[in-house]
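Below: one structure, written as structure tokens.
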Amino acid sequence: MVRGGLNRVLVVGAGALGSNIVRELIKEGFVVGVADGDFVEERNLSIQRVYDYKDVGKKKVKALKEMFGNLNVYDTFINLDNVRDIMGGYDIVVDATDNMWSKFLLSIYSLREGKDFVFGGLRGNEGLAGKNVCLMCNLPYEDSESCAETFTTLDTALNVANLEVEMVRRISRGDRESEILYYDSGEILSFRPLPCSDKHEDFDIFISRQKAEDRGYIIVHADEVDIGSIPIDKPIAVYCEYGIKSFKVSKKLREMGYESYALEPVKICGYTHSYS
Ligand SMILES: [Zn+2]
């Protein structure tokens, strides 16, 4: 089946949500790309059933490519330096990541690049899915939880993946209206989100580690910022594990007159991202 209209879909993340979303979208005839730099791990097989024991140790995108063939793969985590390029060839961007920073990055850049945006999230028996929602306007970034890799169930993951697929179907049929679905143990509630009211330029306080190093900025952990010892005339790049504390600290430094940036997080949910 070949689809018309908005049919090119980029799925970011190939874990419990993403692997199922990719499988379903390919089955339904969408042109699909998937981005993830992670490996298949045995400990995750119980909620990532698209993968098998034979896939353990392989890159997730490689395993999916072997399964489905007709799939564009990006063997990388999404970051500030690659997000525009990777989403460039697609109509719809689907968030299937497991961390808040990546979700906000995808939300903001989808809006800026004029892409339809679908997101999903999991926690325990609960989940959220939605389309064309500005996460910055609807979830307070500075109060967001650092890491979404909490306990979840196979059932919840499958149901939320299905809701995200349904969001993609609706967009491809021309229903691009903003909506949020809340899932709790089989019940689904629908919400009308707040419209986007800002360009969210404050997110541009984030820069890549590479850029900060190339420009010779002082790089300091958010917990170790010592105002007394930082020269006011040198740019500072603040980092932390999840990109929330660094955001707050560098905003504060700007208010104090420093040229300050936040590094995009290097470690998300326990594994280290490589931005090389
Ligand atoms: Zn907004």
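I'd like to verify a number: residues in segment 175-192 that are under 19 Å from the mean Cα position of the chain (by Cα) and within 16 Å of the ligand (Cβ to nearest atom), how many?
Residues flagged as under 19 Å from the mean Cα position of the chain (by Cα) and within 16 Å of the ligand (Cβ to nearest atom) within segment 175-192 amount to 3.
Restricting V22, V31 to residues that are surrounded by fewer than 24 Cβ atoms within 10 Å (Cβ to Cβ), free of Cβ contacts under 8 Å to residues at least 60 places away in the same chain and touching a strand residue (DSSP E or B) at 6+ places or on another chain (Cβ under 6 Å) narrows the list to V31. Within segment 22-39, can one find any residue that is among the basic types (K, R), farther than 19 Å from T156 by Cα and touching a Lys or Arg at 6+ places or on another chain (Cβ under 9 Å)? No, the conditions are met nowhere in segment 22-39.
Apart from one condition, S229 fits all of (1) polar (S, T, N, Q); (2) away from the ligand (no atom under 16 Å from the Cβ); (3) over 30 Å from T156 (Cβ atoms); (4) touching a residue at least 12 places away in the same chain (Cβ under 8 Å); the exception is (4).
Assessment of segment 139-147 against the conditions (in contact (Cβ under 8 Å) with a residue 40 or more places away in the chain, touching a strand residue (DSSP E or B) at 6+ places or on another chain (Cβ under 7 Å) and of a type in the set (D, E, K, R)) yields no matching residue. Scanning segment 119-141 for residues that are within 14 Å of the ligand (Cβ to nearest atom) and at pLDDT below 90 yields L139, P140, Y141. The set of residues from segment 77-106 being crowded, with 17+ Cβ neighbours inside 10 Å and part of a loop (DSSP other than H, G, I, E, B) comprises F77, I78, N79, L80, Y90, D91, A96, T97, D98, N99. When the strands (runs of 3 or more DSSP E) confined to segment 202-266 are screened for residues that are under 22 Å from the mean Cα position of the chain (by Cα) and either buried (at least 19 other Cβ atoms within 10 Å of the Cβ) or outside the structural domain of W101 (by TED's automatic domain parsing) (or both), those reaching at least 2 such residues are found at 236-239, 260-263. Among the residues of segment 102-118, those identified as within 19 Å of D38 (Cα to Cα), of a type outside the set (D, E, K, R) and within 16 Å of the ligand (Cβ to nearest atom) are L105, L106.
The values are calculated or read from the model by the stated rules, or taken from the named source; none is laboratory data. Computed from a prediction, not measured in an experiment: that's the story for all the values here. Methodologically, a virtual Cβ is constructed for each residue, glycine included, from the backbone with ideal geometry; neighbour enumeration extends over all protein chains shown.
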